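The values are calculated or read from the model by the stated rules, or taken from the named source; none is laboratory data. None of the values given here were measured: they were computed from a predicted structure. All Cβ positions, glycine included, derive from the backbone under ideal geometry; neighbour counts span all protein chains shown.
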């Protein structure tokens, strides 16, 4: 019985549906996997084997930890490669079961996948043959449901078989940066870093744009970008910082003259979006990302979002639009940005005492020429 120790089997999902473009996605996926492994200083070889990507390494555990943050991978398993015969498969499955503590008080199931149809047993027959052997040798019970304590996976190929037990969830999505570049308006708060991460998951190269109100917030923003970089294999984040005060002072003054300071938040956000569009044209980005969640704060009502978006030529993406705060916080913890984002932020000096929650679009059209003196008039 021959086997190779130190193998991780990595699986991809929707990349398999890319048709003629699949080789492009697979090449980028392998590049990103190698980058993630290098960052963790894991010596490994990454190769495609059929519809799987194999990682050959002396440290499978470290490889698994590194690969969990590679978008495009759906799951990974440390595996043993054996000769494709039933006896070898059963022996390796038993060794793994014994190491895991499988015994009379636990349950087991086997899930086989036979890509090589020349193997003498069908997948259900492999399940039964391996499962019966494990029950006989360990005294464990059979449980064919997802509630089984221990699941053995078997993959049958023409020249080898793979046996594995542990399956680690991957990040899913698509490899960065194949979906193009986007500008993300990013504060040091909870929502916008999660919005950036969700666009990264869809394969986007993220360019964070921050409007600095203080050195402390800018430093925290930098820390959040560092954390997001751990997920951005294939693209180095290049944060862009602008002065919040310089961007908003003139607008706030003109609104005060009109006695319309309730519009401060909306015209502030419009100024940020306008700057994001300028940066996008400079850096070749195709869209703008906002961390809006419908109804969460005053500027995120449907009426106000219409005003904020009006006149912007690039598409505006709001990946958090249907999520509530609890869901966003849970994702921030998963991503690793929660602790930095949850430290709180100082009140904006331009925040009115009663921010407008349901802006009249007609009133906006009347105000715009007086307030946005350096921006073209909105045209429907």
Looking for whichever is in a loop (DSSP other than H, G, I, E, B), surrounded by 21 or more Cβ atoms within 10 Å (Cβ to Cβ) and more than 17 Å from the chain's Cα centre (by Cα) here; the options are 42, 55, 46, 70. Which one fits? 42
Tally the residues that are in contact with a helix residue (DSSP H, G or I) (Cβ under 9 Å, 6 or more places away or on another chain) and not in a helix (DSSP H, G or I), restricting the search to the range 7-36. 5
I need a count of the residues in the range 220-238 that are farther than 17 Å from residue 338 by Cβ and either without any contact (Cβ under 8 Å) to a residue 60 or more places away in the chain or part of a helix (DSSP H, G or I) (or both). 5
Residue among 176, 206, 152 that alone is assigned to a strand (DSSP E or B) and under 17 Å from residue 69 (Cβ atoms): 206
Which numbered condition in (1) at pLDDT 95 or above; (2) surrounded by fewer than 22 Cβ atoms within 10 Å (Cβ to Cβ); (3) outside the structural domain of residue 214 (by TED's automatic domain parsing) is the only one that residue 154 fails? (2)
Tell me, which helices (runs of 4 or more DSSP H) lie completely within the range 272-380 with 2 or more residues that are under 21 Å from residue 227 (Cα atoms)? 325-335, 338-341
Determine, yes or no, whether residue 319 is in contact with a helix residue (DSSP H, G or I) (Cβ under 6 Å, 6 or more places away or on another chain), buried (at least 16 other Cβ atoms within 10 Å of the Cβ) and closer than 29 Å to residue 68 by Cα. yes
Flagged pairs (Cβ under 6 angstrom, 6 or more apart or on separate chains; first in the range 297-325, more than 21 Å from residue 189 (Cβ to Cβ); second in a strand (DSSP E or B) and modelled with pLDDT of 95 or more) are 314/288
Selection count where residues are in a strand (DSSP E or B) and out of contact with any helix residue (DSSP H, G or I) (no Cβ under 7 Å at 6 or more places or on another chain), scope the range 119-149: 1
